[in-house]
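**Q** Take this structure first; my questions come after.
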Amino acid sequence: MLTTSVEQIVFIQDKQPVTNSLKIAEVFQKGHDKVLRDIRSLKCSEPFRLANFGESSYKNQQGRIMPMFIVTFDGFAILAMGYSGERAMQFKERYIKEFNRTRQNLESHQFTLISIEQKQIQKAIASSIHRKFSHVPDKARRKYFSQLHSELKKMFGVSSFRDISRSDFQVAIDYIQKRWDSPNLESHRLEILS
């Protein structure tokens, strides 16, 4: 069940951009019952229907549970083909633009670290370096920060740790916390301390 609001016409569900029949009715200025009828009367195959029109419900203003469909982009495209006229074309364009915008936002968040993950990486780097090299002066520790950042960039093939794939987040944390060692700088550290 979903309590709806129509300010956002495309949203993310199960990692894909979707809309719903209630929002389609509002945008196309049609009765929701007409949109439900249009969806139910589509002559598409059963596999297509199941993949692109998910039955759902919402609570109306009177508190009653009412039927609704969750609609993918492909489902929307098939449904909207039946809507004609100049205004319908404007609404279709608006929907396509929103689907594309939502898809791009979703993809950008799926592939690179989000802000909180970037902060966790930074915290893990600082914690690891301070723990392993607590006896080294702050100025000398900068070399370790630089070395670890370079190794992360090389390990994940990115130009900044912020570009690490979200799917590699835990691998990066494990490497920083458990496996990273900086033997290249050990001799440099001894020079600084002497």
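The values are calculated or read from the model by the stated rules, or taken from the named source; none is laboratory data. Since the structure is predicted, the reported quantities are computational estimates derived from the model, not experimental observations. In this analysis, Cβ positions are derived from the backbone assuming ideal geometry, glycine residues included, and neighbour counts consider all displayed protein chains. What goes into the accessible areas is simple: the full protein's heavy atoms, side chains included, and nothing from ligands, DNA or RNA. Shrake-Rupley method; radii C 1.70, N 1.55, O 1.52, S 1.80 Å.
**Q** Using each residue's phi in region 126-131, evaluate 6.51 cos²θ - 1.76 cosθ + 1.60 at θ = phi - 60° and report the 3J(HN,Hα) Karplus result to the nearest Hz, with x for Gly and Pro.
**A** So the Karplus estimates, Gly and Pro as x, are 4, 4, 5, 5, 5, 6 Hz.
**Q** Further, regarding this structure: Using the alpha-carbon centroid of each, what span in Å lies between region 94-136 and region 59-89?
**A** Going from one Cα centre to the other spans 35 Å.
**Q** Then there is this: Calculate one ³J(HN,Hα) per residue across region 156-162 by plugging θ = phi - 60° into the Karplus curve 6.51 cos²θ - 1.76 cosθ + 1.60, and present them in order as whole Hz with x for glycine and proline.
**A** 9, x, 10, 8, 8, 4, 5
**Q** I've got another one for you. Of (i) 16.5; (ii) 20.7; (iii) 17.3, which one was derived for Kirkwood radius over Cα pairs in Å from the structure shown?
**A** (ii)
**Q** In Å², and per residue, what accessible area does region 23-86 have when probed at 1.4 Å with the other protein chains present? Please report the intermediate quantities before stating the final value.
**A** Numbers: 3760 Å² over 64 residues.
Spelled out: the 1.4 Å probe surface of region 23-86, per residue, equals 59 Å².
**Q** Going by average Cβ density within 10 Å per residue, which order do the peptides 57-64, 12-19 take, highest to lowest?
**A** Details: 57-64: 10.2, 12-19: 15.1.
Per-residue mean Cβ counts within 10 Å order the peptides as 12-19, 57-64.
**Q** Compute the relative contact order of region 38-170 as a whole-number percentage, counting only Cα pairs closer than 8 Å that sit 6 or more residues apart in sequence. Working shown, then result.
**A** Details: 77 pairs, mean separation 25.7, N = 133.
Once normalised by length, the contact order is 19 percent.
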